[in-house]
Structures are given as C-alpha cells and as structure tokens.
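Values quoted throughout were computed directly from the atomic coordinates according to the rules given, and no laboratory measurement underlies them. Please read all numbers here as calculations on a predicted model, not as lab measurements. Positions of Cβ are generated from backbone atoms using ideal geometry, with glycine treated the same way; all protein chains shown enter the neighbour counts.
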Amino acid sequence: MSTETIKKDLIRGGQFLVKETKCEDVFTPEDFSEEQKMMRDSTKEFVDRELWAHWERFEQKDYAYTEECMRKAGELGLLGVAVPEEYDGLGMGFVSTMLVCDYISGATGSFSTAFGAHTGIGTMPITLYGNEEQKKKYVPKLATGEWFGAYCLTEPGAGSDANSGKTKAVLSDDGKHYLISGQKMWISNAGFCNLFIVFARIEDDKNITGFIVENDPSNGISLGDEEKKLGIHSSSTRQVFFNETKVPVENMLSERGNGFKIAMNALNVGRIKLAAACLDAQRRIVGEATKYANERVQFKTPIVNFGAIKAKLAEMATNTYADESASYRAAKDIEDRIAIRQEEGNSHQEAELKGVEEFAIECSILKVAVSEDVQKTTDEGIQIFGGMGFSADTPMESAWRDARISRIYEGTNEINRMLAVGMLVKKAMKGHVDLLGPATKVGEELTGIPSFDTPDYSALLSEEKAIVEQLKKVFLMVAGSAVQKYGPKLEEHQQLLLAAADILIEIYMAESTILRTEKNAKRFGEESQATQIAMSQLYLYNAVDLIQQRAKEAIVSFAEGDEQRMMLMGLKRFTKYTNQPNVVELRTKIADKIAEENGYFIA
C-alpha cells in the first residue's frame, strides 16, 4: 500500500467513533506476510522448546534460567526486532514487533515480563530519545542480548503520579557528572541488568529528567532482595537504591525536564505491547482447557459435551478472537501513521513517537480490554480443570497468577480507562476528532420522531454493523451530555468516566471483530468463516449487554427529570436488535468447533 493510499484511508486516533471504517481498510492476522509468518513460527518454536517445556522452572524462581532464555532470545534476534538495522537490530515494522511480543509471551509471565521490560522500556527510550552517540554506544548491546536493560520510574510515593518522584540529580562541582540519589521500586530485570533508564529531578524542576545509568555496584548502586510476588515468580523484581551515583552529563537522555514525556510515550507503546503479550497466553489456555475437556470423562461422557463447559470455551475463544482483531488493527494503523511521517521527512525517532502517540486512545483501550480478558480466560481455564486447575502441578494455576499483574502494569486499568476518555475529549477540543457535530446530531435524533421502517439486513453482518453505529450514539449521548454538564470538572467524576470508558472500549473491540470477520468472509467465503461469524455475533451481544448497564449507570448519575427519561429512552432505542441472536446456539456452535480442533483453531 502506498503512503498516498494510506493517507486516504487511514483515520486518526479516536476517529473510529465518528467515522465509518471499511473492512478492507483494517489489518487482520490473516494479512500477515510470508516473512511475518516465518517470524511467528520461529518464535513459537523457541517458546515451545525453551519456555513452555520448562514452565515449572519459572515457578521455582529460577532467575538464572530466565536470564539464560533471554540470552538465547538475543542470539535469535528476537530482542532486536524493533531496533533499526544500523544498531544491530532487525529493523522490522510495528506489526512485526507486535507479533513477536505476542507469540513470545504465551508460555510464562516471568519471561514475558523480562522480555517486555528489556525490549520496551529498557531499550526503546534510548532508541527513540537518545542522541547518535548514545544509540551507537548502548543500543547494539541491548539489541543482541549482550546487555540487558531495566527502567527505574516507580518510587514508594510515586506510582500513577509518575512525575512526583523524589529521586534527585545534582550537578557535580566540576560540571561533568550528575550525582543521583533516591529509591526506586518494582524494577523488573534489576537482578541481572547492565543498564538502567533512571528518572530523577534536577533542582526544583517541574518535570523529571531521564538518564542512562550503567549498573555498577561500586558506583553507589545497591539492590533490595527479590520481591515475593503473587505471580511472575522468575521475573527479577527488586528495589534499586542510588547513593550519589555518578552519571556523566552526556548520559542525560533527551533534554532536561523531558523525562515525564519520555515516560508517558514509553507507556503508550508499552500498553499496546502489553495487550499483544496477553494474546498467546489466551490461545494456549484455550488449547489446554479444550484438550482437558476432551479427555476428562464424567458420567460416561467427555465434559466438553456439557453445555456449561461449552459456554466457557466459547466465551474464552470469542474474547481471544476479539482481542487479536483489535490489537492488530491498531498496530497496523500505527505502522501506517509511522510510514506517513517518514514519507513527510520525519526521522525514525520522530515518526515512531508521533505514530504511537496518535493512537494513544486505542493503546489504552487495548491495554484494559485484553488484560481483563486474559484474566477471565485463565480463571475459566482453572474452572474447566476443576480441582486439577487449582493444583500447581498444572499450568492453569500459574497462568492465573501471572495474568493478574497485567491489569496493573503500564498504568492501572482504572487510570487507562480515564485516560482513554480524557484523551478523546482533548482531541475533540483541539479539533482532531469532531465529537461536537455527531453529538449534536444524536441530541436532535433523541427529540425527533424515530423511524418505523424495517431495515434490510440481508447482507452479511449488516445488522451487527448497524448496531455498532448505534452504540457509538450511546457514547456520544452520554459523554456529550456529561461534558456539557461538567465541562473541565469532568475529570473529577471518576465513576462516570469509568462507565463512559467501558462503552468506548466495547465499541472498538466489537467493531474490530466484526470488520475482521467481514473482510475474511468476503475474500475466503462465508462458509469458511462460520465460526468467526458466530464469535462476532456473540461478542457484540455481550458488548450490548455491558453498554446498556454502564450507560444506564452513567445517565442516572448526572441526568434528572425529562432529560433522564429522554436519554434512557434513547439508550433503549440505540441498543435494540431487530433479529435477536440465539446466544446458546452461538456458544454451542463455537465450542463444537473448538472441541473438534482440540484448541483455538485460528492461526
């Protein structure tokens, strides 16, 4: 696709809410190139051989084995997928980096965390914000696994409020070094890293500053003991203490006071990569649960034949399919935006930063949706295994514990929910997303006479697509009225923001799922996509159910009298089906296919 075509078809971040997206314009996993498929398969082979086959070692706090596997990943080039070739990386596009992050993370959360911390927040800040000298000195070592990186942002008093850190950087008398003193906590890879990205405050600056700090214990750096954690047992997680650690002035990352921006942009990338890191975990759990359900016999029949088990498998697979659909849709949008910026003359650094920043709303949406789905999937996996699922002798128990941290990483899901809505409102105020016009039209529709015509829904998924458009009206109705009522004080009404965010999330996830299925049905035939059609319909049904609940909660929280009655009537109108799906039939159809294939069957 040429950049001219990309410019014509690609919407801006957040515009999915107010602009129609054609199925031909979304990227799906079925669009992987041959090179990407080879990369996927080689990554899966590495994971099966080195990680999945030895998952018990990760549960036994074998930190040395985590480090050993990281070195092997470096030898295969998997640590340098996103790094430009001139710094000994593979220089692959954003979709390919997502793909590797996806498939390398399925076996164990311990390795997934080590990999993500190193390739993302450990390497990326230097790649995207470092000067040429810094990149040449450090990035090749990180890309090849000769060195490992870690990221020191969080402090005892600075978690979600990252810019409130107390760590200080004081310029030495000779002006050649900064002396860094302070305490950092929850530092992944701290036990074996060679390099820290450290954030500290210079004097009384408003914003923190980033530094590249080599890990030298003789230079005032000491570590706490390994943290005792619910999950990710073999991910090295320690406190790091800096006591007048000397850092050359040339190791300041970017400009003074630019640390908060570095941290926030690193989180944007981290959020969508975290979503990717939850995908193969879901596929594997669906696969293990299906195999067990096929083999486990009770009352003289495999439990996979029981309706209660079918319902679980169908919901697990459906959420996995939706999460894949939305994650790769957003990844390709980011990749295309990066290509446009490079075509316009931006450097690799500028293009990637701005490309990801453009879709920061989608990154937050995905982080929340996929991290919560992986938790549900592992929970249901334990339930299908029954007592064996609660045993540490099966991988279900560890998968459930490992999944829990994903709702806290990269900003808690509560923070990300509020960010998604807040960023959308700010984009609207800047004129990047026109919410006012569509919201005004929805308001006029609420007071107008509804149409009683029976629409033609003969085309594939046409009613489902029409319902998604109606769900967008629900968000515009709720958010538009809330902004009108509270204005700049909207951010103080967190429960309202959380409800609005859930509506926004379900719209993006449902639309992505439907568009993927529609695209594949057009090119491969409807019959080949029968199960995917059922999953799209099931996901939408669940989304409508959740949106009804959350929208009602929001409406009654701020609207009264005639306004409330009108909005509740609008909610009923905008969430109405013409042809209500048979949910039990949909789940049964999906589960039967999964049972037949003995696992998640979509490559």
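Greater than 24 Å separation of Cα atoms is the criterion. Which listed pairs, Lys22/Lys473; Lys312/Lys472; Lys37/Lys72, meet it? With Cα atoms farther than 24 Å apart: Lys312/Lys472. The charge dipole of the stretch 149-256, taken about the Cα centre with unit charges on the Cβ atoms of Lys, Arg (+1) and Asp, Glu (-1), comes to about 280 debye, rounded to the nearest 20.
With K and R counted +1 and D and E -1, the other residues having a Cβ less than 10 Å from that of Leu546 yield a net charge of -2. For the stretch 286-425, the alpha-carbon coordinates run over 67, 28, 26 Å along the three principal axes, in decreasing order.
When the pairs Lys552/Lys572; Lys141/Lys273; Lys376/Lys589; Lys141/Lys367 are compared against a 18 Å limit on Cα-Cα distance, Lys141/Lys273; Lys376/Lys589; Lys141/Lys367 fall above it. Please state the relative contact order of the chain as a whole percent: Cα pairs under 8 Å, 6+ residues apart? The value is 16 percent.
Membrane-span-like helices in the chain, defined here as complete DSSP H runs extending at least 24 Å along the helix axis by their C-alpha atoms with mean Kyte-Doolittle hydropathy no lower than 0.5, are 259-277; this is a sequence and geometry rule, not a statement about a membrane.
Listed by chain and number, the lysines placed with their C-alpha closer than 22 angstrom to that of Lys166 are Lys184, Lys206, Lys246, Lys261; residues fewer than eight positions away on the same chain are left out. Could you calculate the FRET efficiency of Leu230 with Glu527 from 1/(1 + (r/R0)^6), where r is the beta carbon distance between them and R0 is 45 Å, rounded to 0.05? In this case the efficiency is close to 0.50.
At what distance in angstrom do the alpha carbon centres of the stretch 207-277 and the stretch 344-364 lie from each other? Cα centroid to Cα centroid, the span is 22 Å.
Ordering of 551-560, 274-283 by packing is 274-283, 551-560, highest average first (other Cβ atoms within 10 Å, averaged per residue).
In the stretch 426-536, Cα pairs under 8 Å separated by at least six residues give a relative contact order of 25 percent. Taking each residue as 0.36 nm, the span from Gln342 to Asp545 lengthens on full extension beyond its C-alpha to C-alpha distance by 68.8 nm. Rounded to the nearest 0.05, the FRET efficiency derived from the C-beta distance between Arg565 and Met264 at R0 = 41 Å is 0.50.
Before anything else, pin down the relative contact order of the stretch 126-229: Cα pairs under 8 Å, at least 6 apart, normalised by residue count, whole percent. Taking the mean separation of contacting Cα pairs over the length of the stretch 126-229, I get 24 percent. Its residue count N sets the reference 2.2 N^0.38 Å, and the alpha-carbon radius of gyration of the stretch 364-476 equals 1.58 times that reference.
Post the alpha-carbon centroid distance, the stretch 84-116 to the stretch 433-490, in whole angstrom. If we compute the Cα centre of each part, the gap is 39 Å.
Charged neighbours of Glu227, selected by a Cβ distance under 13 Å, balance to +3 (K, R count +1; D, E count -1).
Packing, as the average of other Cβ atoms within 10 Å across residues, places the peptides 508-515, 207-214, 290-297 in the order 508-515, 207-214, 290-297, highest first. Distances over 22 Å make up what percent of all Cα-Cα pairs in the stretch 149-256? Summing the P(r) of the stretch 149-256 above 22 Å gives 26 percent of all pairs.
Scaled against the 2.2 N^0.38 Å expected of a compact globular protein of N residues, the Cα radius of gyration of the chain reads 0.98.
Each Lys and Arg Cβ is given +1 and each Asp and Glu Cβ -1; about its Cα centre, the chain then shows a dipole of about 1000 debye. Relative to one another, the C-alpha centroids of the stretch 172-202 and the stretch 557-586 are positioned 53 Å apart. Counting only the Cα atoms, the stretch 461-603 fills a convex hull of 124 Å³ per residue.
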